[in-house]
Amino acid sequence: MPISIQEVTCKSALTGSGGHFRLNPYVGCEHACIYCYATYIARWRGQEGPWGSWVQAKTNIPDVLARELRRKRGAHIMLSTVCDVYQKVEEQCGLTRRCLTVLAEAAEQDEALSVFVLTKSDLILRDLDLLRSFPGGRVQVGFSVTTARDDVGALLEPYATRPSRRLAAARTLREAGLSVGLLFAPMLPYVTELELPRLLDLAERADLERIGFDPCNYLDRHVGAKLQQAYQRLGPKAIARLNEARHNPGYEEELQALIRRCTEGCSGKGATA
């Protein structure tokens, strides 16, 4: 898919309150994951092209971030929510690396500052030097996964790094001494449900420190409609389970029960649902 990259400037870098903030060097994401809830942002950014066809790069965000960090001491900062900070455009623009440089320098002066980086991309390995420069325990990395199968990943996350490479990158970062975890985001009906034992085993083998779970949002709205089309290629059982998840009021409780059963043996790992 052709990508339109638009350079924009921002007035603020951090959004949030109460000491917890989000940092998005980009708006939009070329991964084009069909379950992405952030597609709603397009109408607020004046974009008419399909999700995944455009990205806005906030060219001044490292400088704005540096100014804001002087006022926001002890911040807990997450990268990111309406983009993947290591999508392919980062190779060209380098905004994530510049922001991490600012954050690492700020962490030397602010002992309460902490950073969490969530991504689907193994491009994060490029910045291993920066990640290791943070004071101990002050930066954590999470890899978002929905499946361990590259073929299923290609269907649902067409332009994202394939799951096998994500898992390999997680192992590499963990072996380098970083705090790394997996976030099953979202927990896709049928797909992630069936693979959850295998995914948890892979996390255990890689000695990852935490696991997290995020339900699939807006199944009864635009996300569900897009998944319905993709699930046609996964077969009738997948379609039936998706429809159950969309329309059964008891689905969320059933999903929580599945997570509890599967994580009973994950002793010593932080698990959040």
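The values are calculated or read from the model by the stated rules, or taken from the named source; none is laboratory data. As the structure is a computational prediction, the values presented were derived from the model and not from experiment. Don't worry about glycine lacking a Cβ; one is built from the backbone with ideal geometry, like all the others, and counts go over all protein chains shown.
You will find that of Leu200, Leu208, the residue that is in contact with a Gly (Cβ under 7 Å, 6 or more places away or on another chain), of a type outside the set (S, T, N, Q) and modelled with pLDDT of 95 or more is Leu208 and no other. Selection of the stretch 19-54 for residues being on the phi > 0 side of the Ramachandran plot and modelled with pLDDT of 65 or more yields Gly19, Gly28, Ala32, Gly52.
One residue alone among Glu105, Glu111, Glu91 is more than 27 Å from Pro158 (Cα to Cα) and either among the basic types (Lys, Arg) or in a helix (DSSP H, G or I) (or both), and that residue is Glu105.
Here Ser80 clears all of (1) polar (S, T, N, Q); (2) modelled with pLDDT of 95 or more; (3) more than 15 Å from Ala169 (Cβ to Cβ); (4) buried (at least 18 other Cβ atoms within 10 Å of the Cβ) except the condition numbered (2).
Scanning for something touching a strand residue (DSSP E or B) at 6+ places or on another chain (Cβ under 8 Å), assigned to a strand (DSSP E or B), of a type in the set (A, V, I, L, M) and over 22 Å from Leu128 (Cβ atoms), does the stretch 161-183 turn up at least one residue? No.
Contact list please: Cβ distance under 7 Å, first residue in the stretch 80-103 and within 18 Å of Leu131 (Cβ to Cβ) and in contact (Cβ under 8 Å) with a residue 24 or more places away in the chain, second residue of a type in the set (Lys, Arg) and not in a helix (DSSP H, G or I), pairs at least six apart or on different chains. If the second residue must be of a type in the set (Lys, Arg) and not in a helix (DSSP H, G or I), the pairs left are Ser80/Arg22; Asp84/Lys120; Leu95/Lys58. Picking from residues in the stretch 22-37 that are surrounded by fewer than 21 Cβ atoms within 10 Å (Cβ to Cβ) and in contact with a strand residue (DSSP E or B) (Cβ under 9 Å, 6 or more places away or on another chain), the one that is farthest from Tyr190 (Cα to Cα) is Arg22. Each residue in the stretch 193-246 was checked for being under 20 Å from the mean Cα position of the chain (by Cα) and hydrophobic (A, V, I, L, M, F, W, C), and 13 pass. Of all the residues that make up the stretch 72-86, how many are more than 15 Å from Gly18 (Cβ to Cβ) and in a loop (DSSP other than H, G, I, E, B)? Total satisfying the criteria: 7.
Scanning the stretch 253-271 for residues that are of a type in the set (S, T, N, Q) and either at pLDDT 85 or above or not assigned by TED's automatic domain parsing to the domain that holds Leu194 (or both) yields Gln256, Thr263. Filtered by the rule that a residue be of a type in the set (D, E, K, R) and not in a loop (DSSP other than H, G, I, E, B), the stretch 139-160 gives Asp150, Asp151.
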